[in-house]
1. If each residue of separation counts as 0.36 nm, what is the full-extension length gain between residue 340 and residue 300 once their alpha-carbon separation is subtracted?
2. How large is the convex hull of the Cα atoms of the stretch 386-479 per residue, expressed in Å³ as a whole number?
3. What distance in nm lies between label points placed 7 Å from Cα along the C-beta direction at residue 444 and residue 114?
4. Under a straight-distance cross-link criterion of Cα-Cα below 17 Å, which lysines are reachable from residue 461, leaving out those fewer than 8 residues away in the same chain?
5. In nm, to one decimal, how far is the residue 251 label point from the residue 416 one, both placed 7 Å along Cα→Cβ?
6. Mind giving me the FRET efficiency for residue 22 and residue 91? R0 is 22 Å, r the Cβ-Cβ distance, nearest 0.05 is fine.
7. Relative contact order for the chain: what percent, with Cα pairs under 8 Å and sequence separation of 6 or more?
8. Measuring from the lowest to the highest alpha carbon on each principal axis, how far does the stretch 83-218 reach, largest first, in angstroms?
Amino acid sequence: MGRLVLDEYGKKVPLSDGSVAIGGSEWISGTPNVFGRTFTVDLGMDRAISRVRVVPGGTAQIQPEYFIRGYRLEASTQRQPEKWLLLAEQRANFRPTVDTTFDSTWSIVDELGKPVPRRGRYVKLTLIRQDRSNWVSLGDIEIYGAGYERQGQLTGELGFPGPVNAGRLSWQAGTPAGTQVRVLVRGAGEDQAPIWGATRSSLYPGPEPVRGLEYRLVLETADPVITPAFGELAVDWDPVLVARQVLGSVQPETARKGDETHVVYRVELEIGAEDYGVELLELGMALSVEAIRLNGADLAYNWHADNEQGSTQVSFGRPLRDSGVLEIAGKGLFLKDQTAIPVAVGSRAQEALDGYLNWQNAGESPAGTWTVRGIGLPPGLLSEVEVSPRPFSPFRDERLAFGFVVGNLQQPTEVSLEIFSLGGTKVRRLSQIGGARAYHLEWDGHDQDGRLLAPGLYLYKVRVDAEDNAASRTGTLVVAY
């Protein structure tokens, strides 16, 4: 490969040009005193080294005695170039050409006697014996390594006896340092569907029901002599569906960025007699729910919006077993160019039987869309901060709420709240990692050590530190007993 070779003085020597010609393509000692002389080859990156060959120079063809009498070969990695590990050693060599394959000097071999590759970027040749009558002529240092693939894939399909609600995906793999395994799954036969990633234990995230799952296992390594090992992929599934079919869409399809917008989310339900029925519903966005109707009739419900997770969960007093259109009216804050709002349905009966809640993911309605397009200019990075109640009593109110909106944020970042005494001493810090959304931070009136603060006037500071932007808001608050 023509890689650079240096001697122990850091001087380049012509031992990687593929030639052993006299003069310009060989190294001549010029003296029999060669004990301890070294030559180091830089391979440019870590490789799986399995063989080293040292060819004598052209002068050795005229003077056959000018060959290496004893040698040591070592390798070191890119990460630890100063740590040398033995490849091969021969204290009494009688072969003009050194070849670790034929010399049987390789330090690590398998049960069949074959050399086990050693990882390394640098290979060092050290002369450990000298002949008082002869010089040494070196022509080329050749280093061989088994090539390796950085990434390998295995694909396959898991079939089910009929349409099912796919549940937990779990898998086992050995991943030594420098390796990783990724599992990608999707509904079988859904050629246009995206590939979905899966963690080691997660619910199937694609549209349901499914008749089968296609999987792709991606195994990667940054080390030529270490590989990940895949063990098992398992999928829980329930033959009883929450509903035969669930489709979602939203109106309106556009909203002005930063303005709270009234929306109506439509869930088309087809529920069979053998299905569990819909008792729970989850929307992939935090909404303030105002009313829910099934086929135009009002329903009793409870709801909870989680701004941090970006979701809204709704529970009904009894399972819905009638097919039709479920309409959820509410308000939402849209801050991005596009906001997708997927929907999933669940059953308490299924949760009791299986031991965990297996959400059945809906599909997007072909007659509409569940994505709201944001129009207008994005809001500022940080809105005004609403603090409530005023004054705050930790004995009466328990917690002081700080509400604000972070907009125009492209990547998740830290959003922090700091509380100071009037003298400037920081007494408490709260933070969340999140993106563009509404935030709600609460403080219990205690300092960082858990001590209740004395009554009085305090300062607060809310701060957002994005990669290319930053903003902060400050104000006062009163603690009263």
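1. 11.8 nm
2. Each residue corresponds to 93 Å³ of Cα convex hull volume.
3. Distance between label points: 6.3 nm.
4. Cross-link targets: 426.
5. In this crude label model, residue 251 to residue 416 measures out at 4.7 nm.
6. 0.15
7. Computed value for the chain: 11 percent relative contact order.
8. Principal-axis extents of the Cα atoms in the stretch 83-218, largest first: 85, 27, 27 Å.
Values quoted throughout were computed directly from the atomic coordinates according to the rules given, and no laboratory measurement underlies them. Fair warning: this is a prediction, and the values are worked out from it, not measured in the lab. Please note: Cβ atoms are built from the backbone with ideal geometry, for glycine as well, and neighbour counts cover all protein chains shown.
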